[in-house]
């Protein structure tokens, strides 16, 4: 099986972005949402759009360590990849920005809801849910800024590379 230059380039970008989880950073200021969105938007085949970002995420999780709430992180990650399928139909700067904001919000809602639902730190009541979400708010802006920054970096790098290296443009 011969890998296309485009596939190799996209995969390399995704794995470079995943490394942001391994270097010192502000809490939640990583490229995770951005690489999921980028993968969903740019890989030609749906299985590649899921497999490459999930592989990058899993490999960094091996280094960082696993935790009980990972199912929620991976569920939100899958939703973000799938949202990239919508963006690929109409890839414009506004739709990419909107999808990046969606990535941040969906990650926040899904992972914090799962954290609350575990019942470990917050009672399973509406007050407990509100408490959980309130406690997570200080971390949300780093997540949003990270998603926006890395989305711009990934999509911008790829668009610039397509201009310089026409072999990266889909046939």
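Of note:
- Qualifying residues in the range 116-131 (those that are surrounded by fewer than 20 Cβ atoms within 10 Å (Cβ to Cβ) and assigned to a helix (DSSP H, G or I)) - the one nearest to the chain's Cα centre (by Cα): 117
- Tally, over the range 29-78, of residues that are surrounded by fewer than 17 Cβ atoms within 10 Å (Cβ to Cβ), part of a loop (DSSP other than H, G, I, E, B) and in contact (Cβ under 8 Å) with a residue 40 or more places away in the chain: 3
- Residue in the range 77-92 that is closer than 20 Å to residue 145 by Cα, more than 12 Å from the chain's Cα centre (by Cα) and at pLDDT 95 or above present: yes
The values are calculated or read from the model by the stated rules, or taken from the named source; none is laboratory data. Model, not experiment: these values are computed from the prediction. All Cβ positions, glycine included, derive from the backbone under ideal geometry; neighbour counts span all protein chains shown.
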